[in-house]
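Enquirer: Before we start, here is the structure in question, set down as structure tokens.
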Amino acid sequence: MAAPKKPDVKEKGQDKGNGSPPEFSRDQELKALRDMLLIRRFEEKAGQLYGMGAIGGFCHLYIGQEAVVVGMQMALKKGDEVITGYRDHGHMLACGMDPKGVMAELTGRRGGYSKGKGGSMHMFSLKENFYGGHGIVGAQVSLGTGLAFANRYRGNDSVSLAYFGDGAANQGQVYESFNMAELWKLPVVYVIENNRYAMGTSVTRSSAQTDFSKRGASFNIPGKQVDGMDVRAVKAAGEEAIAWCRAGKGPYILEMQTYRYRGHSMSDPAKYRTREEVEKVRHDQDPIEQVRNRLLAAKVSEQDLKAIDAEVREVVNAAADFAQHDPEPDPSELYTDVYR
């Protein structure tokens, strides 16, 4: 049997879109840096708490993929909706959900977004138009399509974003959703976060078509490959796709070529790839370092950047403290929110 091909991790700066992405203003760079740092530091702390036994069950970290959700959020407007799979903490934070409520849900406390009963994969916020975290692989794609149908039915111009990974891209319900969305011209952007390994198998071994932007070709859905490690490229592609949907042209597929630094979940040692491969991506393409380097080149001081990181760490530490001392749910909560 032939040895499996290594994943096609893009070289630094490579962009399969239309040339270099538009430059950010100073304020945009600073916002992107803070938002991505919040996700990175939150996930690092969640990993620590999991190791201490304060978080149980499943826990899938978003470290390395921060530019995808932060860039897409910069392209949205009020009223647009987000739904995703189980690697979802970053999406919650990017949508504006309170880090204390997210972390408290991870530790099973009553102040969590699902009252401590949902855990890592099941949090929601109607206020922030975040419709979950879903633990069933690919299930959120049909639900995100339903959100788009509701927007079309109501006659508004809101767009739904349905995030899913390269592994979920092989699920049958994904293609049923594609077909329906194109037939009815539903305003949904399908964001495929291609982090190369799904649950632990390289895309070159699990997918006959590794260009996920082409997955909608038989349904006449346009798609684009995007450097998902560059927040500017993500925002630009997001604006293009969202404008297509708002114009009533139907769905759009964005393949975000990204990379997760940790294993699939906290229980995954990730022995299917080398440490050297991970370190190379970290060194060459890290989404946060790219922004940081551009800000330094623009004469933002190292001291100012450290201050942003320090402020983010304070927010995350406060969330962790709250999540460890907030009371657990009352036993009576076992009988609430249950439907037959």
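The values are calculated or read from the model by the stated rules, or taken from the named source; none is laboratory data. Since the structure is predicted, the reported quantities are computational estimates derived from the model, not experimental observations. FYI the Cβ positions are ideal-geometry reconstructions off the backbone, even for glycines, and counts take in every protein chain you see. Ligands, DNA and RNA are excluded from the accessible area calculation, which covers all protein heavy atoms including side chains. Shrake-Rupley method; radii C 1.70, N 1.55, O 1.52, S 1.80 Å.
Enquirer: Given the Cα-Cα distance of Ala297 and Glu277 and 0.36 nm per residue of separation, how much length would full extension add, in nm? Could you put the intermediate results ahead of the total?
Expert: Values: separation 20, 0.36 × 20 = 7.20 nm, distance 2.73 nm.
Gain on extension, Ala297 to Glu277, equals 4.5 nm.
Enquirer: Also, quick follow-up: HN-Hα J couplings of the stretch 225-230 from phi, Karplus 6.51/-1.76/1.60, θ = phi - 60°, integer Hz, Gly and Pro as x?
Expert: 8, 10, 6, x, 9, 10
Enquirer: So with the 1.4 Å probe, I'd like the accessible area per residue for the chain, rounded to whole Å².
Expert: Details: 15600 Å² over 340 residues.
Here the per-residue accessible area is 46 Å².
Enquirer: Another one. Where both partners of a DSSP beta bridge lie in the chain, what percent of those bridges are antiparallel, to the nearest 5? All intermediate terms of the calculation are to be shown ahead of the outcome.
Expert: Values: 1 of 22 bridges.
Once the DSSP bridges in the chain are tallied, antiparallel ones form about 5 percent.
Enquirer: Over the chain, what is the relative contact order in whole percent, taking alpha-carbon pairs under 8 Å and six or more residues apart?
Expert: Working: 644 pairs, mean separation 82.6, N = 340.
Answer for the chain is 24 percent.
Enquirer: Let me ask something else about it. Express in Å², to the nearest 10, the accessible area of Ser20 obtained by rolling a 1.4 Å probe over the protein heavy atoms while all chains stay in place.
Expert: We get 110 Å² for Ser20.
Enquirer: May I pose another question? When the chain is modelled as a GNM with alpha-carbon springs shorter than 10 Å, which of Ala319, Ala169, Ala310 fluctuates the most?
Expert: Ala310
Enquirer: Next question. Taking the full set of protein chains and a 1.4 angstrom probe, give the accessible area of Arg110 in square angstrom, rounded to the nearest 10.
Expert: The value for Arg110 is about 120 Å².
Enquirer: Something else now. Per the Kirkwood treatment, what hydrodynamic radius in Å, one decimal, follows for the stretch 145-236 from the mean inverse distance over all distinct Cα pairs? Present the calculation step by step, with values, prior to reporting the outcome.
Expert: Values: mean 1/r = 0.0706 Å⁻¹.
Value: 14.2 Å, from the Cα pair sum.
Enquirer: Among all the aspartates and glutamates, which ones have a C-alpha under 14 Å from Lys127's C-alpha, if same-chain residues fewer than 8 places away are not counted?
Expert: Asp80, Glu81, Asp98
Enquirer: Still on this model: What does the convex hull of the Cα atoms of the stretch 121-274 come to per residue, in Å³, rounded to a whole number? Display every interim value, and only then the final one.
Expert: Numbers: hull volume 17.6 nm³, N = 154.
So the per-residue Cα hull volume is 114 Å³.
Enquirer: In terms of the Cα gyration tensor, with a ≥ b ≥ c the square roots of its eigenvalues, is the stretch 215-319 rounded because a/c is under 1.5, prolate because a/b exceeds b/c, or oblate? Don't skip to the answer; put the middle values down first.
Expert: Numbers: a/c = 2.08, a/b = 1.38, b/c = 1.50.
Since a/c reaches 1.5 but b/c is at least a/b, the shape of the stretch 215-319 is classed as oblate.
Enquirer: Just to confirm my numbers, what's the Cα centroid distance between the stretch 230-246 and the stretch 41-79 in Å?
Expert: Between the Cα centre of the stretch 230-246 and that of the stretch 41-79, the gap is 22 Å.
Enquirer: Where does each of Phe42, Phe124 land when they are ordered by accessible area, with a 1.4 Å probe and the largest first? Mind dumping the intermediate values first?
Expert: Working: Phe42 0, Phe124 90 Å².
Heavy-atom accessible area, descending, gives Phe124, Phe42.
Enquirer: Let me ask something else. With r as the distance between the Cβ atoms of Ser20 and Ile136 and R0 = 45 Å, compute the FRET efficiency 1/(1 + (r/R0)^6) and round to 0.05.
Expert: Working: r = 39 Å, r/R0 = 0.86.
Efficiency at R0 = 45 Å is approximately 0.70.
Enquirer: Residue by residue, what Karplus-based ³J(HN,Hα) values in Hz, rounded to whole numbers, does the stretch 168-176 have, using 6.51, -1.76 and 1.60 with θ = phi - 60° and x for Gly and Pro?
Expert: 5, 5, 9, 7, x, 5, 4, 7, 4
Enquirer: Quick check on the stretch 128-185: take the gyration tensor over C-alpha atoms, sort the square-rooted eigenvalues as a ≥ b ≥ c, and tell me if it's rounded (a/c under 1.5), prolate or oblate.
Expert: Values: a/c = 2.66, a/b = 1.36, b/c = 1.96.
Taking the square roots of the gyration eigenvalues as a ≥ b ≥ c, the stretch 128-185 is oblate.
Enquirer: Let me ask something else. Order Asp337, Asp268, Asp88 by their accessible area, 1.4 angstrom probe, all chains in place, largest first.
Expert: Values: Asp337 90, Asp268 35, Asp88 0 Å².
Ranked from most to least accessible, the order is Asp337, Asp268, Asp88.
Enquirer: With a ≥ b ≥ c the root eigenvalues of the C-alpha gyration tensor of the stretch 293-340, is it rounded (a/c under 1.5), prolate (a/b larger than b/c) or oblate? Walk me through the numbers before you get to the answer.
Expert: Details: a/c = 10.25, a/b = 3.05, b/c = 3.36.
Judged from the Cα gyration tensor, the stretch 293-340 comes out oblate (a/c at least 1.5, b/c at or above a/b).
Enquirer: Continuing with this model, one more query. Under a 5 Å amide H to amide H cut-off, with H placed in plane at 1.01 Å, what residues pair with Gly133 once short-range neighbours are removed?
Expert: Here Thr84, Met123 satisfy the definition.
Enquirer: Past 25 Å, Cα to Cα, is the threshold; run Lys271/Lys306; Lys78/Lys249; Lys78/Lys185 against it and keep the listed order. Write out the running numbers ahead of the final one.
Expert: Numbers: Lys271/Lys306 34 Å; Lys78/Lys249 20 Å; Lys78/Lys185 21 Å.
As for pairs spanning more than 25 Å Cα to Cα, those are Lys271/Lys306.
Enquirer: Computed over the Cα atoms of the chain, what is the convex hull's projected area averaged over all directions, in nm²? Before the final figure, lay out the partial values.
Expert: Details: hull surface 73.4 nm².
Result: a mean projected hull area of 18.4 nm².
Enquirer: Given labels modelled 7 Å from the Cα in the Cβ direction, how far is it in nm from Asn317 to Lys185?
Expert: With each label placed 7 Å out from Cα toward Cβ, I get 5.5 nm.
Enquirer: Would you mind working out the magnitude of the charge dipole of the chain relative to its Cα centre, with +1 at each Lys and Arg C-beta and -1 at each Asp and Glu C-beta, to the nearest 20 Debye?
Expert: Working: 45 positive and 45 negative charges, 112 e Å.
With only Lys, Arg, Asp and Glu charged at Cβ, the dipole is about 540 debye.
Enquirer: Mind ranking Met74, Met180 by accessible surface for me, highest first, 1.4 Å probe?
Expert: Working: Met74 40, Met180 85 Å².
Largest accessible area first, the list is Met180, Met74.
Enquirer: Leaving ligands, DNA and RNA out of it, work out the accessible area of Met52 with a 1.4 Å probe and give it in Å² to the nearest 10.
Expert: The value for Met52 is about 130 Å².
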